[in-house]
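Q: Sharing a structure here in structure tokens format.
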Amino acid sequence: MSKLLILGSIAFDQIETPFGKSNAIMGGSANYIALAAAQFEIPAAVISIVGSDYPQEYLNLLTERRIDVSGIEIVQGGKTLFWSGKYHNDMNQRDTLDTQLNVINDFKPVVPEAFRDAEVLLLGNLHPTLQMDVLNQMTQRPKLVVMDTMNYWMNHTWDLLMEVIARVDVLTINDEEARQLTKEYSLVKAAQCIMAMGVKYVVIKKGEHGALLFYDDKVFFAPALPLAEVFDPTGAGDAFAGGMVGYLTKTRDYSFTNLKNAIVQGANIASFCIEKFGTERLLTLTHSERTARLQQFRDLTQFDIQVLGDRC
């Protein structure tokens, strides 16, 4: 069976939205990615770092879902990454109130021996040096390498970022970051520039407006399901990526056609993530709920159209 390896952060998140405020809760990109991918019941492992203040019960939530945590370093006496943010009323913008890097400052990732031959590798949004380090520890090149990044690394580690991008198959990035990376306003031109950097597939996330998939001269659009309430958007992008790679690991089909299916699966899981604070909704999500909402996605996008001739 195919295996998935995930590099990402584990953190305490403290979140405030127009609908409420949380205490410090289970957060970080690795948790969102892993819990979303676990919906497909695949062997997966997480590489990350936490302090001794991180609850064992949070790690148990991963292992209960067949997620290997042997690659999560626990620093005795150390403190786990902490992030606090507040969302504006429209939920599309947020302010970071506090970031405490703590143990992640000294993170040196070690790939678990059993996952050095993983078929799918997701390099979460961390320093490009850490992403490269994990790539170099693989015994063979994974069949699919997916990478996430952000504007901070573009501003501060450009050369290193370009080195990693040249070695991946799929880059997931939001529309603002795609424009910054390429200096192109048109997302079509931006995707073409990114593919010229060596990437095979480009996934541009547009938040509540869905996601675009680019391959050669082909484009596919996956909508975001319109929801009556958006409770907390934190981690939705990571849940999207986790759902995408979880599906791809399960199906072992890395073609453009199946990538289209994968980003719909990712969008589907992300639509649940935003219904509760943090990872809470991912922890209760069931197969039947996912299947029912996939039908809603199908109904949203399928239609019959009559092509009219010159006469009205």
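The values are calculated or read from the model by the stated rules, or taken from the named source; none is laboratory data. These figures come from a predicted structure and were not determined experimentally. Counting neighbours? That spans all protein chains shown, and the Cβs are built from the backbone with ideal geometry, glycine included. SASA here: full protein model, heavy atoms, side chains in, ligands and nucleic acids out. Shrake-Rupley method; radii C 1.70, N 1.55, O 1.52, S 1.80 Å.
Q: Criterion first (in contact with a helix residue (DSSP H, G or I) (Cβ under 9 Å, 6 or more places away or on another chain), open to solvent by 30 Å² or more (accessible area, probe 1.4 Å) and of a type in the set (V, I, T)) does T249 satisfy it?
A: On the way: in contact with a helix residue (DSSP H, G or I) (Cβ under 9 Å, 6 or more places away or on another chain): yes; open to solvent by 30 Å² or more (accessible area, probe 1.4 Å): no; of a type in the set (V, I, T): yes.
Considered against the rule, which asks whether it is in contact with a helix residue (DSSP H, G or I) (Cβ under 9 Å, 6 or more places away or on another chain), open to solvent by 30 Å² or more (accessible area, probe 1.4 Å) and of a type in the set (V, I, T), T249 comes out as no.
Q: So, one more: Provide a single number: the residues in the range 136-156 that are buried (at least 20 other Cβ atoms within 10 Å of the Cβ) and aliphatic (A, V, I, L, M).
A: Going through the range 136-156 one residue at a time, the tally reaches 4.
Q: Let me ask something else about it. Which residues, counting only those in the range 36-48, are open to solvent by less than 10 Å² (accessible area, probe 1.4 Å) and touching a strand residue (DSSP E or B) at 6+ places or on another chain (Cβ under 8 Å)? Quick ask: steps written out before the conclusion?
A: Start the filter on the range 36-48 by keeping residues that are open to solvent by less than 10 Å² (accessible area, probe 1.4 Å), which leaves 36-37, 42, 44-48.
Residues satisfying the conditions are A37, I42, A44, A45, V46, I47, S48.
Q: Let me ask something additional. Kindly check whether there is at least one residue in the range 171-182 that is touching a Cys at 6+ places or on another chain (Cβ under 8 Å) and either of a type in the set (D, E, K, R) or open to solvent by 10 Å² or more (accessible area, probe 1.4 Å) (or both). Break it down into steps so the answer makes sense when it comes.
A: As a first pass, look at the range 171-182 and keep what is touching a Cys at 6+ places or on another chain (Cβ under 8 Å): 181-182.
Still in the running and either of a type in the set (D, E, K, R) or open to solvent by 10 Å² or more (accessible area, probe 1.4 Å) (or both): 182.
For the range 171-182, residues touching a Cys at 6+ places or on another chain (Cβ under 8 Å) and either of a type in the set (D, E, K, R) or open to solvent by 10 Å² or more (accessible area, probe 1.4 Å) (or both): present.
Q: Working only within the range 116-128, note down all residues that are within 15 Å of A34 (Cβ to Cβ), outside any strand (DSSP E or B) and in contact with a Pro (Cβ under 9 Å, 6 or more places away or on another chain).
A: In the first step, residues of the range 116-128 are kept if they are within 15 Å of A34 (Cβ to Cβ); the result is 118, 120-126.
Applying the additional criterion that residues be outside any strand (DSSP E or B) yields 118, 124-126.
Correct list: A118, L126.
Q: Can you find a residue in the range 262-280 that is hydroxyl-bearing (S, T, Y), farther than 20 Å from I42 by Cβ and open to solvent by 40 Å² or more (accessible area, probe 1.4 Å)? Reasoning before the result, please.
A: Taking the range 262-280 as the starting set, the residues that turn out to be hydroxyl-bearing (S, T, Y) are 271, 279.
Restricting the remaining residues to those that are farther than 20 Å from I42 by Cβ gives 271.
Filter once more, so that each one left must be open to solvent by 40 Å² or more (accessible area, probe 1.4 Å): none.
No, the range 262-280 contains no residue that is hydroxyl-bearing (S, T, Y), farther than 20 Å from I42 by Cβ and open to solvent by 40 Å² or more (accessible area, probe 1.4 Å).
Q: Let me ask another. Inside the range 101-115, can you point out the residues that are β-branched (V, I, T) and either part of a loop (DSSP other than H, G, I, E, B) or exposed (fewer than 15 other Cβ atoms within 10 Å of the Cβ) (or both)?
A: Of everything in the range 101-115, those that are β-branched (V, I, T) and either part of a loop (DSSP other than H, G, I, E, B) or exposed (fewer than 15 other Cβ atoms within 10 Å of the Cβ) (or both) turn out to be V110, V111.
Q: Consider P233 against the criteria (1) open to solvent by 20 Å² or more (accessible area, probe 1.4 Å); (2) over 29 Å from E280 (Cα atoms): it satisfies all of them except one. Which criterion is unmet?
A: Just one mismatch for P233, condition (2).
Q: Scan the range 10-28 for residues that are over 17 Å from N60 (Cα atoms) and crowded, with 23+ Cβ neighbours inside 10 Å and jot them down.
A: The first filter runs over the range 10-28 and keeps only residues over 17 Å from N60 (Cα atoms), leaving 13-24.
Listed by number, the residues that qualify are D13, I15.
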